[in-house]
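Report on the following structure.
The values are calculated or read from the model by the stated rules, or taken from the named source; none is laboratory data. For clarity, every value in this text was computed on a predicted model and none was experimentally measured. Counting neighbours? That spans all protein chains shown, and the Cβs are built from the backbone with ideal geometry, glycine included. Quick note on the areas: whole protein, heavy atoms, side chains included, nothing else; ligands and nucleic acids left out. Shrake-Rupley method; radii C 1.70, N 1.55, O 1.52, S 1.80 Å.
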Amino acid sequence: MASTEASLPVDAEALQALEAAAMADKSSPPSTEAVAAGSAMASESDGGDITPSAPSPAATRRWSWWPGRREESPSANPSAAVLTAPKKPPYTRTRNRLLGMDVIHVDDPAVIRALLASGTVDRVGAPPGSAATAAVDEVAHLPMWLRRYLPLTRGHPAGGWFLALLPSGCPAYGGRRAYLEAKFAPDSPGSDVDSDVAAAASALVDSAEAAAGLPAAAEEAAALEAAFVNAIGRRFHKGCPVPTPVIKAAAGGATSPTDAFKPWVVWRARRADEVVATYARSCLAADADAVACRVHPSVASDIAHGVLTTPNHDPAVLLLRAAYAEAAAGRWGAAARPVGSAIFARVGIVASVPRLVVTGGDLGGLLMADEPPAVAGETVVQLGLAAAAAETENPDWAWAAGGPERQCVARAAIEAFVANVRDEVGRQLGTPQGREGGSEEGGQEEAMPSTGSPHTD
């Protein structure tokens, strides 16, 4: 299989010139202003998927050969940094020639909208322009590192792509979405999750760590994860809870692209994925509705996704801890704030979602003039939905790209579950509704990172 590295453009003469400029800088220290400009770097993380560092506009780039690392040297013309103030790019970029990795991370809501409108990126679950004929588990069109990583995550469980990562033109998309919408209807079998609400509330109220704003202990985390998963999984298993061994196995998935190059993590992730996939297929086989409507078997990937949704306590513990903070501050019941803006816009259910570049170039004017162009089929864009939701205080960003198109099928059900846990915690704590005290930014919510899981749809 050909390496994606071969198609990356390399200008040998330009590279030698850059190295010569760097050596010249070492012998002749640049001005104070140039040093400041060359060292101004803003490091960002998208929740463990990729950790790019923000490009410095006044710096000459030397890309490292190791994942997630990049070196920069001061400009070969320090006076240029003093005379001009280049515009800071609205993205961060990580490139690795050895792995063929080229990832652009965008957080700004307006930039995300413009990028999606440009038509230069698309969902990763099918080859560009071939959604109608692509196999449900197609990965050959992806760059090598993503081809190895995604099948180890909840975005591509055994059996095919998760629905959110498939273009709408895929033949199985419509039937799968209709099946899932029926499962998450308010009156569907398995929609009674009162026992899960009670279990989550009890775990939070009984937790000394929750009261002190400390990270969840193992017992609390396990209880919250089980309640969160069961609030989704019951709908596919005749109202029955998801077996505990299946929930535990789900924690074995990969959480970073570098995991794909660690044999012990690959073994663990594949084993976990198969345990969950076997359970999902058994649920589908026993579902008369699925048999009657002849839903595509790949919908088992969506059932598996619901179980795989909480690797490393993400996002169940973070969301339910945020519900606890609201209740402890008196913001529950009649005094509650809308759960979307109060919790889901602040504690992102996902950090970012991937999109594959389908039209190479400057991505509709996004890339700076001195940036190497994006390469179709190789460059991946991470849309920072959690950051966009927090900036706009709009929960729509937490469930899709800020609009009504392709909102998560389970959104209403999950938001209702978290709101019910918040109110039950308030009742058990006996906190006066609407009391003054808890800061909107205080408690454990301050320290909560955004999650790094693939997006739901």
### Query
In straight Cα distance, which lysines are under 27 Å from residue 183, not counting same-chain residues fewer than 8 positions off?
238, 248
### Task
Would you please classify the overall shape of the range 263-338 from the alpha carbon gyration tensor, given that a ≥ b ≥ c denote the square roots of the eigenvalues, rounded means a/c under 1.5, and beyond that prolate means a/b larger than b/c while oblate covers the rest?
oblate
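For the range 143-223, report the % of Cα-Cα distances exceeding 20 Å. Before the final figure, lay out the partial values.
Values: 2010 of 3240 pairs.
When all Cα pairs of the range 143-223 are counted, 62 percent exceed 20 Å.
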#### Entry: Over the range 207-320, relative contact order from alpha-carbon pairs under 8 Å, at least 6 apart, %
34 percent
### Query
Counting Lys +1, Arg +1, Asp -1, Glu -1, what net charge surrounds residue 363 among other residues with beta carbon under 14 Å of its beta carbon?
-3
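With every protein chain left in place, what is the accessible area per residue of the range 307-378 in square angstrom, probe 1.4 Å?
On the way: 1940 Å² over 72 residues.
Accessible area per residue, the range 307-378: 27 Å².
Which order do the peptides 382-395, 149-162 come out in when sorted by mean C-beta neighbours inside 10 angstrom, highest first? Walk me through the numbers before you get to the answer.
Values: 382-395: 22.0, 149-162: 24.1.
With the highest mean Cβ count within 10 Å placed first, the list reads 149-162, 382-395.
Sorted by mean Cβ packing within 10 Å, highest first, what order do the peptides 357-366, 178-187 take? It would help to have the intermediate numbers written out before the result.
On the way: 357-366: 17.0, 178-187: 15.4.
Most protected by this proxy first, the peptides run 357-366, 178-187.
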### Message
For the pair residue 238/residue 282, report the inter-label distance in nm, with labels modelled 7 Å from Cα in the Cβ direction.
### Response
1.3 nm
### Task
Please work out how much length the chain gains when fully extended from residue 391 to residue 182, using 0.36 nm per residue of separation minus the C-alpha to C-alpha distance, in nm with one decimal.
72.0 nm
